[in-house]
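Working notes for the structure below.
The values are calculated or read from the model by the stated rules, or taken from the named source; none is laboratory data. Because the structure is predicted, anything quoted here is derived from the model rather than measured. Cβ: placed from backbone, ideal geometry, glycine included. Neighbour counts: every protein chain shown.
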Amino acid sequence: MTDILIRGGRVIDPASNLDADLDVLLVDGRVAEIRAGIEAPNARAFDATGCIVAPGFVDLHTHLREPGFEHKGTIATETRAALRGGFTTVCAMPNTDPAPDSAPVVQALWERIERDAVVNVFPIGTVTRRRQGKELADLSELAEAGVVAFSDDGSPVADATLMRNALQFTAALGLPLSEHSDDPVLNAGGVVNEGALSERLGLKGQPPAAEISAIARNIELCELTGGRLHVAHISTARGVELVADAKARGLPVTAEVTPSHLFLTEDAVFGPGPEPAYDTNARINPPLRTEADRRALLKGVNEGVIDVIATDHAPHAQEDKLCEFDLAAPGISCLETALGSILLLIARGELDFHRAMAALTINPVRAFALDRRAPGIGTLQPGVTDIVIFEPTARWTVDPASFASKGRNTPLAGTELVGRVRAVHVKGQLHIIEEAAHA
């Protein structure tokens, strides 16, 4: 491998509280030295002037769609989208066909990952067989096959006894359970946040209480069993308060929020025009909530209550969204817009820069203990390979047609964002994403 010298950048490593203008030398594809004034005449130079050099981003909640839904996305296309967004590690959610509920399915998935992925991919195994919520999968077998967490994704474990048993098993295995906290009975048929907007548009709403009551139940079961609970894509102000209380009591609870819920509100359903457009690209589960909820989520990140910013990247085929709102598939394709929306929030003064960087790097690693599988991941310590270089002030306009993802489903089309990935180093290779503006 050619040695690489990244010069002139602002080096950020939340894991070590490093924030300084330094050079980074990569030898044989790994970080060898970080200091000012490195001389390496035989190395390939990368001018990072005006850029931030950070550990590659880690996403705990990515839908790669393969196997079973290759018309929506594949491991190859969606990991290229991750690369474009600065993510060097993604955790693959299990809503595939077949679902990873047994060792042979996980092994087959590993084979696809090794063949097609351009970034690091860790599979998440199901909690229950076929994600049907009726009987536990063989969690020990899945752990031995290499999954890093368990989840039934958009199918919450509604049966409290089953959830209790799942947390007991996962506690023994030392792996987290990532739960879409929702009461499916209370939420049945809801497609947007319940409130004034749902009434105005004549759409069935999802009451915030459906999420809040499920989070409360799951936290109590976490305390009862000692299992590690990860609250996926939290969306309500009260949910944040419940997580804060759980942490104050010392419970093993972590939480994530999506860039979409930090950046958008339920008003996005109206679409960008002057008249309500029922923009199906803004349909997501859990739904976009109110401005008060959005503010509470931002505060949760800024105060460290919400540990992780995870994309919930959900690519869909065009026909999945070109239909009535009630029939549209929920989800937003957002690996390639995540950083831009986060940095715009930072530029507005709504989101703390260092908290956000930690929520994209070391915090997700700690939440899922990923460093047990890949030592040094989420940091810039010597020997690591994953680095992102981004220009934090670059302005650009979202054009879904240019996405690497198969999914063009974003409500941000035409939106000007701030901050763009210039290069990513992963698996020993430097990928130039876009030439820097100063070049």
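Give the residue that is surrounded by the most Cβ atoms within 10 Å (Cβ to Cβ), with candidates limited to residues of segment 1-36 that are outside any strand (DSSP E or B) and of a type in the set (Asp, Glu). Walk me through how you get there before you give the answer.
We begin by selecting, within segment 1-36, every residue outside any strand (DSSP E or B); these are 1-3, 14-17, 28-29, 36.
From the residues that got through so far, the ones that are of a type in the set (Asp, Glu) too are 3, 28.
Working: Asp3: 14, Asp28: 11.
Filtering first and then ranking leaves Asp3.
Which numbered condition trips up His71, out of (1) farther than 23 Å from Ile362 by Cα; (2) in a strand (DSSP E or B)?
(2)
Looking only at segment 228-275, filter to residues that are farther than 30 Å from Asn165 by Cα and among the hydrophobic types (A, V, I, L, M, F, W, C); which one of those is farthest from the chain's Cα centre (by Cα)?
Within segment 228-275, the first condition is being farther than 30 Å from Asn165 by Cα, and the residues that meet it are 259-275.
If we keep only those that are among the hydrophobic types (A, V, I, L, M, F, W, C) too, we end up with 262-264, 268-270.
Details: Leu262: 12, Phe263: 14, Leu264: 16, Ala268: 20, Val269: 22, Phe270: 25 Å.
The extreme case among them is Phe270.
Go over the candidates Thr96, Thr126, Thr88 one by one and state the one that is surrounded by 20 or more Cβ atoms within 10 Å (Cβ to Cβ) and closer than 21 Å to Pro259 by Cα. Break it down into steps so the answer makes sense when it comes.
Numbers: Thr96 fails: closer than 21 Å to Pro259 by Cα; Thr126 fails: closer than 21 Å to Pro259 by Cα.
Only one candidate qualifies: Thr88.
Inside segment 362-406, can you point out the residues that are among the hydroxyl-bearing types (Ser, Thr, Tyr) and within 19 Å of Arg84 (Cα to Cα)?
The first filter runs over segment 362-406 and keeps only residues among the hydroxyl-bearing types (Ser, Thr, Tyr), leaving 379, 385, 393, 397, 402, 405.
Correct list: Thr385, Thr393, Thr397, Ser402, Ser405.
Among the residues of segment 279-292, how many are in a helix (DSSP H, G or I) and surrounded by 22 or more Cβ atoms within 10 Å (Cβ to Cβ)?
Here is the first cut: in segment 279-292, the ones in a helix (DSSP H, G or I) are 280-282, 291-292.
Pick out the ones that are also surrounded by 22 or more Cβ atoms within 10 Å (Cβ to Cβ) and you get 280-282.
Count: 3.
Name the residues in segment 80-130 that are out of contact with any Asp or Glu (no Cβ under 8 Å at 6 or more places or on another chain) and at positive phi, would you?
Gly86
Residues that are part of a loop (DSSP other than H, G, I, E, B), in contact with a Lys or Arg (Cβ under 9 Å, 6 or more places away or on another chain) and crowded, with 22+ Cβ neighbours inside 10 Å: does segment 316-328 have at least one? Walk me through it before giving the result.
As a first pass, look at segment 316-328 and keep what is part of a loop (DSSP other than H, G, I, E, B): 316-317, 322-324, 328.
Now narrow it down to the ones that are in contact with a Lys or Arg (Cβ under 9 Å, 6 or more places away or on another chain): 316-317, 328.
The next check asks that each one be crowded, with 22+ Cβ neighbours inside 10 Å; those that pass are 316.
Yes: one or more hits.
Looking for whichever is at pLDDT below 95 and either of a type in the set (Phe, Trp, Tyr) or buried (at least 19 other Cβ atoms within 10 Å of the Cβ) (or both) here; the options are Ala436, Ala359, Ala338. Which one fits?
On the way: Ala359 fails: at pLDDT below 95; Ala338 fails: at pLDDT below 95.
The unique qualifying residue is Ala436.
Go through segment 44-58 and report how many residues are buried (at least 19 other Cβ atoms within 10 Å of the Cβ) and either over 29 Å from the mean Cα position of the chain (by Cα) or not in a strand (DSSP E or B) (or both).
3
Which is buried (at least 21 other Cβ atoms within 10 Å of the Cβ), farther than 20 Å from Glu256 by Cα and over 23 Å from the mean Cα position of the chain (by Cα), of Asn187, Asn165? Please lay out each step first, then the result.
Numbers: Asn165 fails: buried (at least 21 other Cβ atoms within 10 Å of the Cβ).
So the residue among Asn187, Asn165 that is buried (at least 21 other Cβ atoms within 10 Å of the Cβ), farther than 20 Å from Glu256 by Cα and over 23 Å from the mean Cα position of the chain (by Cα) is Asn187.
Suppose the filter is closer than 23 Å to Ala149 by Cα and surrounded by 23 or more Cβ atoms within 10 Å (Cβ to Cβ); does Val365 pass it?
yes
Filtering segment 382-412 down to residues that are out of contact with any strand residue (DSSP E or B) (no Cβ under 9 Å at 6 or more places or on another chain) and hydrophobic (A, V, I, L, M, F, W, C), which residue is surrounded by the fewest Cβ atoms within 10 Å (Cβ to Cβ)? First the steps, then the outcome.
Narrowing segment 382-412 to residues out of contact with any strand residue (DSSP E or B) (no Cβ under 9 Å at 6 or more places or on another chain): 399-404, 406, 408.
Still in the running and hydrophobic (A, V, I, L, M, F, W, C): 401, 403-404.
Working: Ala401: 6, Phe403: 22, Ala404: 18.
Residue satisfying both the conditions and the ranking: Ala401.
Take residues that are within 19 Å of the chain's Cα centre (by Cα) and tell me which of the strands (runs of 3 or more DSSP E) falling wholly in segment 370-435 contain 2 or more. Even if it seems obvious, please write down each step before you answer.
Values: elements: 387-397, 416-426, 429-432.
Correct list: 387-397, 416-426.
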